[in-house]
1. Select from segment 44-62 the residues that are under 14 Å from residue 22 (Cβ atoms) and hydrophobic (A, V, I, L, M, F, W, C) and write down the one among them that is most open to solvent (accessible area, probe 1.4 Å).
2. For segment 89-100, which residues satisfy the criterion of being of a type outside the set (Gly, Ala, Ser) and open to solvent by less than 90 Å² (accessible area, probe 1.4 Å)?
3. Considering every residue within segment 83-105, establish whether at least one is under 15 Å from the mean Cα position of the chain (by Cα), in a helix (DSSP H, G or I) and at pLDDT below 90.
4. Only residues that are loosely packed, with under 10 Cβ neighbours inside 10 Å and either at pLDDT 95 or above or charged (D, E, K, R) (or both): list them for segment 10-33, please.
5. Mind counting the residues in segment 66-77 that are open to solvent by 60 Å² or more (accessible area, probe 1.4 Å) and in contact (Cβ under 8 Å) with a residue 24 or more places away in the chain?
Amino acid sequence: SADHPPPKKQAKRGGGGMRAFFSDKLRGTRKTEQSFKALHERWAAMPAAERAPYEEKGRAAVLAHQHGVANPFGATQKEVDRASRKRQRDKQAVEAIEAADTLIAA
């Protein structure tokens, strides 16, 4: 309604030093509110020299995102699992076709 303005959409930036740090530390783990809070505290207390590699990786991720890369920090675990299942199904399909060809040739 006119009384409530629509919520602002969050900008999609695709990277940044803190996101690079979080991506590095959370890869392969279960993400919880507590894990994010703990990492945010570590990031806030981190000296600039330790942040530098993450800042650089974050700048690269922003550029990659601007050029259409969907996941500039690498494939997510879900994507890796999905690709693995697809390879397994493809292998099973090839084996079934080869078995059928063997039966037909016999």
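The values are calculated or read from the model by the stated rules, or taken from the named source; none is laboratory data. The structure displayed is predicted, hence computed values, not measured ones. Here Cβ is always computed from backbone atoms with ideal geometry, including for glycine, and neighbour counts include all displayed protein chains. Keep in mind that these areas ignore ligands, DNA and RNA; they rest on the heavy atoms of the full protein, side chains included. Shrake-Rupley method; radii C 1.70, N 1.55, O 1.52, S 1.80 Å.
1. 44
2. 90, 94
3. Yes - at least one qualifying residue is present in segment 83-105.
4. 12, 30, 33
5. Residues flagged as open to solvent by 60 Å² or more (accessible area, probe 1.4 Å) and in contact (Cβ under 8 Å) with a residue 24 or more places away in the chain within segment 66-77 amount to 3.
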